[in-house]
Amino acid sequence: MAPSKVLAGARVVLPTGTVDDGRVIVDGTRIADTAPPGADVVDVSGHWVVPGFVDIHNHGGGGASFTGGTAEDVLQGVETHRRHGTTTVVASAVTGDLDFLARQAGMLAELAQQGDIAGVHFEGPFISPCRKGAHDEQLLRDPDPAEVRKLVDATHGHARMMTLATELPGGLDSVRLLTEHGVIAAVGHTDATYEQTLQAIDAGATVATHLFNAMPPLGHRAPGPITALLEDERITVELINDGTHLHPAALRLAFHHAGAARVAFITDAMDAAGFGDGRYLLGPMEVEVADGVARLVEGGSIAGSTLTLDRAFKRAVTVDGLPVGDVVAAISANPARLLGLDDRIGSLEPGKDADLVVLDDAFDLVGVMRRGEWVVAPQLG
Ligand SMILES: [Zn+2]
């Protein structure tokens, strides 16, 4: 059992607002409302304390892959993202052969069962060849509900989300099937019209996979999926805030239109996140990472990001000019709610897991705690 701690003197971001000179009490693995006798007091004055970050779309990091790696690789990637503040991560697969995906999903499900990851996200193979991004065109398929079911079943209850081009034959039936099984249906890598996107939302889709990326642009006579996804209150939009995938003005437009309660910041990270430039694989595809930007060797499509959520947080405040409370909503509270885990994570409230991040006044990460244990212990002078 971790010793009890009181983080004192910080600016603490709570669902009700920011408390200056606030404190967070950690008793064992949880947040408490009163300090037990003999608790260590950690003075974090001049710092922010925010909830641990929740990433619902992530393919790897630390040089290791969730898409093709072993269980050890996955744990290495998870650990890397933890050191950058992501205390909860969903592992995202990419388009692959169905039998391969089912086997990979089975391995990921065991890690989810142990609590190392928060479940599995399938990005492909049921996506549009017109908007395939970094996915292998040879392996794309129309969304057949029986095949969707096969992948969901392979996770033994740990499938959290599937990204689909819902306009393809079988798309809407697949959305319904996912919804019935408690799996989030996400619209993405799609060539749908505005009207087709509304049909998908009516069928049960609730997430937009990296809004703007891998979908038709917004046109004033053909408003397309972007407009439908932003307009509809039932949708949460994923945004990749790395400065490469989106212009800050596009990010602000989405944020202001959807409102802070309907945005989820994701990394869409691949293996180079928290690691470095070089040659990598994303699923079966060769990727070259240069200056932190990942592109397919063949064709040059952007192939995931090298983002970590601490950088997304800092950028959102210092470059995009968003209020800290809104950033906390997008990076912790909203994704926790989407996953149905908001009774345990996503905010700094008594009874929840002691998952938190300590940031300095420049919004650089100095500490990470997960379930009451320091992953990164703050060096406070
Ligand atoms: Zn992705």
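Details
- Just one residue in the set Val152, Val183 is open to solvent by less than 30 Å² (accessible area, probe 1.4 Å) and out of contact with any His (no Cβ under 8 Å at 6 or more places or on another chain); that residue is Val183.
- Among the residues of the range 225-252, those that are open to solvent by 10 Å² or more (accessible area, probe 1.4 Å) and of a type in the set (Gly, Ala, Ser) comprise Gly243, Ala249, Ala250.
- Count of the range 111-131 residues which are open to solvent by 20 Å² or more (accessible area, probe 1.4 Å), of a type in the set (D, E, K, R) and within 20 Å of the chain's Cα centre (by Cα): 1
- Of the criteria (1) within 16 Å of the ligand (Cβ to nearest atom); (2) outside any strand (DSSP E or B), which one Asp191 fails: (1)
- Residue match in the range 323-337 (condition: under 16 Å from the mean Cα position of the chain (by Cα), within 27 Å of Val94 (Cα to Cα) and free of Cβ contacts under 8 Å to residues at least 60 places away in the same chain): yes
- When restricted to residues that are in contact with a Leu (Cβ under 8 Å, 6 or more places away or on another chain), assigned to a loop (DSSP other than H, G, I, E, B) and not small (Gly, Ala, Ser), the range 159-188 contains 1.
- Any chance Gly274 is assigned to a loop (DSSP other than H, G, I, E, B), surrounded by fewer than 20 Cβ atoms within 10 Å (Cβ to Cβ) and within 20 Å of the chain's Cα centre (by Cα): no
- Residue in the range 251-261 that is part of a helix (DSSP H, G or I), more than 19 Å from Pro217 (Cβ to Cβ) and hydrophobic (A, V, I, L, M, F, W, C) present: yes
- In the set (1) in contact with a Gly (Cβ under 7 Å, 6 or more places away or on another chain); (2) of a type in the set (Val, Ile, Thr); (3) farther than 24 Å from Ala93 by Cα, the condition left unmet by Thr306 is number (3).
Residues checked against (1) over 19 Å from the mean Cα position of the chain (by Cα); (2) in a loop (DSSP other than H, G, I, E, B); (3) under 29 Å from Asp361 (Cα atoms):
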residue: Ser45; (1), (2), (3): yes, yes, yes
residue: Val50; (1), (2), (3): no, no, yes
residue: Val74; (1), (2), (3): no, no, no
residue: Ser92; (1), (2), (3): no, no, no
residue: Thr95; (1), (2), (3): no, yes, no
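- Qualifying residue in the range 297-310 (condition: in the same structural domain as Met161 (by TED's automatic domain parsing), part of a strand (DSSP E or B) and over 30 Å from Pro3 (Cα atoms)): yes
- Selection of the range 129-158 for residues being within 19 Å of Glu298 (Cβ to Cβ) and in a loop (DSSP other than H, G, I, E, B) yields Lys132, Gly133, Ala134, His135, Asp136, Leu140.
- Figure legend. Inter-residue proximity from the range 196-213: first residues at positive phi and within 16 Å of the ligand (Cβ to nearest atom), second residues at pLDDT below 95 and open to solvent by less than 10 Å² (accessible area, probe 1.4 Å), beta-carbon distance below 8 Å, spacing 6+ or different chains. No pairs are indicated.
- For the range 48-85, a residue qualifies if it is within 15 Å of the ligand (Cβ to nearest atom), among the hydroxyl-bearing types (Ser, Thr, Tyr) and touching a Ser or Thr at 6+ places or on another chain (Cβ under 9 Å), and exactly one does: Thr67.
The values are calculated or read from the model by the stated rules, or taken from the named source; none is laboratory data. Note that the structure is a prediction, hence the values are computed from the model and not measured. Here the Cβ is made from the backbone with ideal geometry for all residues, glycine too, and neighbour counts use every protein chain on show. Please note that ligands, DNA and RNA were not included when accessible areas were found on the heavy atoms of the full protein model with its side chains. Shrake-Rupley method; radii C 1.70, N 1.55, O 1.52, S 1.80 Å.
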